[in-house]
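Note sheet for the following structure.
The values are calculated or read from the model by the stated rules, or taken from the named source; none is laboratory data. Small disclaimer: the values here were computed from a predicted structure and weren't measured. Every residue, glycine among them, receives a Cβ derived from its backbone with ideal geometry; neighbour counts consider all protein chains shown. In case anyone asks, the SASA skips ligands and DNA or RNA and just uses the protein heavy atoms, side chains included. Shrake-Rupley method; radii C 1.70, N 1.55, O 1.52, S 1.80 Å.
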6 protein chains.
Amino acid sequence: MLHEVSLVRRTYFSAGHKYESPVLSKDENIATFGACYSEYGHGHNYILEAEVSGLLDQKTGMVMNLRDLDIILKKITTPLDHHFLNTDVEFFKTHVPTTENVAIYCFNELNELLPQGTTLRRVRVYESDDLWAEVVN
Amino acid sequence: MLHEVSLVRRTYFSAGHKYESPVLSKDENIATFGACYSEYGHGHNYILEAEVSGLLDQKTGMVMNLRDLDIILKKITTPLDHHFLNTDVEFFKTHVPTTENVAIYCFNELNELLPQGTTLRRVRVYESDDLWAEVVN
Amino acid sequence: MLHEVSLVRRTYFSAGHKYESPVLSKDENIATFGACYSEYGHGHNYILEAEVSGLLDQKTGMVMNLRDLDIILKKITTPLDHHFLNTDVEFFKTHVPTTENVAIYCFNELNELLPQGTTLRRVRVYESDDLWAEVVN
Amino acid sequence: MLHEVSLVRRTYFSAGHKYESPVLSKDENIATFGACYSEYGHGHNYILEAEVSGLLDQKTGMVMNLRDLDIILKKITTPLDHHFLNTDVEFFKTHVPTTENVAIYCFNELNELLPQGTTLRRVRVYESDDLWAEVVN
Amino acid sequence: MLHEVSLVRRTYFSAGHKYESPVLSKDENIATFGACYSEYGHGHNYILEAEVSGLLDQKTGMVMNLRDLDIILKKITTPLDHHFLNTDVEFFKTHVPTTENVAIYCFNELNELLPQGTTLRRVRVYESDDLWAEVVN
Amino acid sequence: MLHEVSLVRRTYFSAGHKYESPVLSKDENIATFGACYSEYGHGHNYILEAEVSGLLDQKTGMVMNLRDLDIILKKITTPLDHHFLNTDVEFFKTHVPTTENVAIYCFNELNELLPQGTTLRRVRVYESDDLWAEVVN
């Protein structure tokens, strides 16, 4: 009965952004991104969902201590929460802050910080209830 | 059995904003608004909820035609959706775009547009699942 | 500290319907109801929300026994659940089954069945997450 | 355009409880409360919703500072969160911790702590998505 | 850092249906489907969730343009929305419109329409918050 | 067009628990589990999500009869619902009732009861909207 189990945690952050590719002209940006492109941008309530798997610690019954996971997730979301992604986060100066790229960014950041013995199975970033991106390991 | 009934409709828009009062200094703004103040702002998925009441049209069984209500609500949300409130909407150049003020703005706009025989009972604006403002008529 | 308190209970039912007024011609029905009118109808997952208020029973700490309320609500929803409203429920043979009329129907049915000492404050019927009707006592 | 506006804030706590009236015998408790009575109790994820109204501060656009409201709400939920209500909270030693009584308790606690110029319009306590109690001022 | 990413989009439609197998007798239909079988049917608010994966376009940061995906999804849901599945959609004249079959139908329709370079990873169809079917590629 | 399809069903139960490992001292329990450890415990509204896959029965269009699945799920949740896990369920006398262990327990119980021709693909147990555990087959 040695199951591998996943623990999934949701956290929240609110950020501003605009869809504007530095390698496209203004007209190309408008043609590609429509309403998502605009001079001062707009914003969303994002959800970050992290799935961490591993064998259970038989003494504690946990994949990893939830308080440790929460501390790690806080490290990821603090530079994003209540910020404007295009201007305030280095990665998004060269990558359009689409939901897909926000998910890749969070996946890579998280993957660095998880403790040994655990695996980052999957990261989901929701831009709204009806749109999200997922990176699977 | 002549009931007054309310019809409530939810619509959605995503907007950027920052909490910055033009009559406060930068330090006072930071002291008052904390993380909600920042140079480039952040953003949210807003929900606008409008409650319209009246007597039922006995032939149609409706307080008002839902398609008309949807057209009116679209008129309200179009200038807000995918925009940055502080810069793109006249009202928010002189009013901090708090949830409270967004609700007052939507209430006043809606109140102008509803057809005779209906009453705007209440407007709610959600900034997140955990925070909203309400104006009652 | 004798508070009046409200207890609110949600229940669910799935029903079919079509918007078709018996006093309108086919063309008038289409003009009035658009996609909500069609020959065989469509359907929804409805939510019925009942708010019952009264003084707390000091011994039990309850406005009314929840199991009694659930039995009453079941009596209301059973003739609706998994039925086609226009054909299967007497009231909707002469009233278009709009969200407003479904709310009025549920309010009247419930009002008959609640025990003495309680008041039916309000009934809400949701046709979707984004549309509902409310009858206030 | 001096609107009174309400600000509503949701907070969360998880608590254990059992429905057991000290003035009823064991058999009467079982007859009254059914599955909600049991020796070791069970528990819920509760939601506390507080509606605070007042005139807007014209400088800040706020009914009251949200950070102050959050501090007050934290004072209310800390003694409840991750506790067993019947044993760990004085009030529930003499009041059955029904949803109704939890709402009354939260209403009274909150009412003491709100700043001048604001009114506690309403408190809601959810025991589940389908059951809640409301105290209106 | 060439990640494969999934983009997931939710859309909504409301439809009527009844569970009635053409190869079963009326009694067998009732025995098999219970309340889901009835002469005039009932209905639901369905959710269609489509997961599309591919490599990111480095210029736009997107798996595929969301507006194109929305147009494709609209093509799928238009013949279903506000219709009665058993009578109005060819496929459901020979397949019982269970959640499973609605998911298979949507998967096959979608799979035809996605652009080159993308893969339809998975389709989910929700009949309610508590019941859904999933087809994985 | 012989698709393997999954059917997913959600059910709900409310239970009390405390995080207390029998092989740890009281101080170690507090250090490990923080607020989740306390003498009388607390509780949650749990969600159990079961994903069952198989080939469709061509006559009924179902992976398995939903009413049978509901009966099986009820057998799993009845001993948990409105109980205190640590004291009332044998398995949790020797396993800390973390979300992970509740998921493993439900997976093993369910796996025994499903009919031939179906596979238990996955079990999820939610302790809250923001935390869940998953066991994949």
(Q) Being of a type in the set (Phe, Trp, Tyr), at negative phi and open to solvent by 70 Å² or more (accessible area, probe 1.4 Å) is the requirement here; does B:Tyr12 meet it? (A) yes
Q) Is one or more of the residues making up region F:83-99 touching a Pro at 6+ places or on another chain (Cβ under 7 Å), outside any helix (DSSP H, G or I) and closer than 30 Å to D:Val89 by Cα? A) yes
Q) So C:Leu7 fits all but one of (1) surrounded by 16 or more Cβ atoms within 10 Å (Cβ to Cβ); (2) modelled with pLDDT under 95; what number is the exception? A) (2)
Q. Out of all the residues in region F:39-76, which are open to solvent by less than 10 Å² (accessible area, probe 1.4 Å), assigned to a helix (DSSP H, G or I) and β-branched (Val, Ile, Thr)?
A. F:Ile76
**Q.** Hits in region D:15-29 (condition: farther than 17 Å from D:Thr94 by Cα and touching a Leu at 6+ places or on another chain (Cβ under 9 Å))
**A.** D:Ala15
Q) Do you know which residues across region C:39-75 are among the β-branched types (Val, Ile, Thr) and free of Cβ contacts under 8 Å to residues at least 40 places away in the same chain? A) C:Thr60, C:Ile71
**Q.** Matching entry among E:Leu131, E:Leu85, E:Leu80 (being buried (at least 22 other Cβ atoms within 10 Å of the Cβ), within 23 Å of F:Arg67 (Cβ to Cβ) and at pLDDT 95 or above)
**A.** E:Leu85
Q: Might you check whether a residue that is closer than 30 Å to C:Lys93 by Cβ and touching a Lys or Arg at 6+ places or on another chain (Cβ under 8 Å) occurs anywhere in region B:35-44?
A: no
**Q.** Criterion: over 16 Å from B:Leu114 (Cβ atoms) and facing another protein chain (nearest Cβ under 7 Å) - qualifying residue of B:His17, B:His3
**A.** B:His3
(Q) Looking at region F:88-128 only, could you name the residues that are within 26 Å of A:Asp70 (Cα to Cα), more than 9 Å from every other protein chain (Cβ to nearest Cβ) and over 9 Å from the mean Cα position of the chain (by Cα)? (A) F:Phe92, F:Arg122
Q: Could you list all residues from region A:15-32 that are open to solvent by 10 Å² or more (accessible area, probe 1.4 Å) and touching a residue at least 60 places away in the same chain (Cβ under 8 Å)?
A: A:Lys18, A:Tyr19, A:Glu20, A:Pro22
Q.
Being over 26 Å from B:Gly54 (Cα atoms) and more than 11 Å from every other protein chain (Cβ to nearest Cβ) is the requirement here; does C:Ile76 meet it?
A. no
**Q.** Within region B:75-95, tally of residues that are in contact with a strand residue (DSSP E or B) (Cβ under 8 Å, 6 or more places away or on another chain) and more than 30 Å from C:Phe33 (Cβ to Cβ)
**A.** 7
Q) If you go through region A:33-74 one residue at a time, how many are touching a strand residue (DSSP E or B) at 6+ places or on another chain (Cβ under 8 Å), farther than 25 Å from A:Leu110 by Cβ and hydroxyl-bearing (Ser, Thr, Tyr)? A) 2
Q: Working only within region C:15-38, note down all residues that are among the hydrophobic types (A, V, I, L, M, F, W, C) and assigned to a strand (DSSP E or B).
A: C:Ala15
Q) Of all residues in region A:50-95, which are touching an Asp or Glu at 6+ places or on another chain (Cβ under 7 Å) and of a type in the set (A, V, I, L, M, F, W, C)? A) A:Leu55, A:Leu56, A:Met62, A:Val63, A:Ile76
Q. Could you list, in sequence order, the residues of region C:93-128 that are open to solvent by 10 Å² or more (accessible area, probe 1.4 Å), in contact with a His (Cβ under 9 Å, 6 or more places away or on another chain) and touching a residue at least 40 places away in the same chain (Cβ under 8 Å)?
A. C:Tyr126, C:Glu127, C:Ser128
Q) Applying the selection to region D:20-67, what residues are within 7 Å of another protein chain (Cβ to nearest Cβ) and over 24 Å from the mean Cα position of the chain (by Cα)? A) D:Leu24, D:Leu56, D:Lys59, D:Thr60, D:Gly61
Q) What is the one condition in (1) farther than 16 Å from F:Ile47 by Cα; (2) not in a loop (DSSP other than H, G, I, E, B) that F:Gly117 does not satisfy? A) (2)
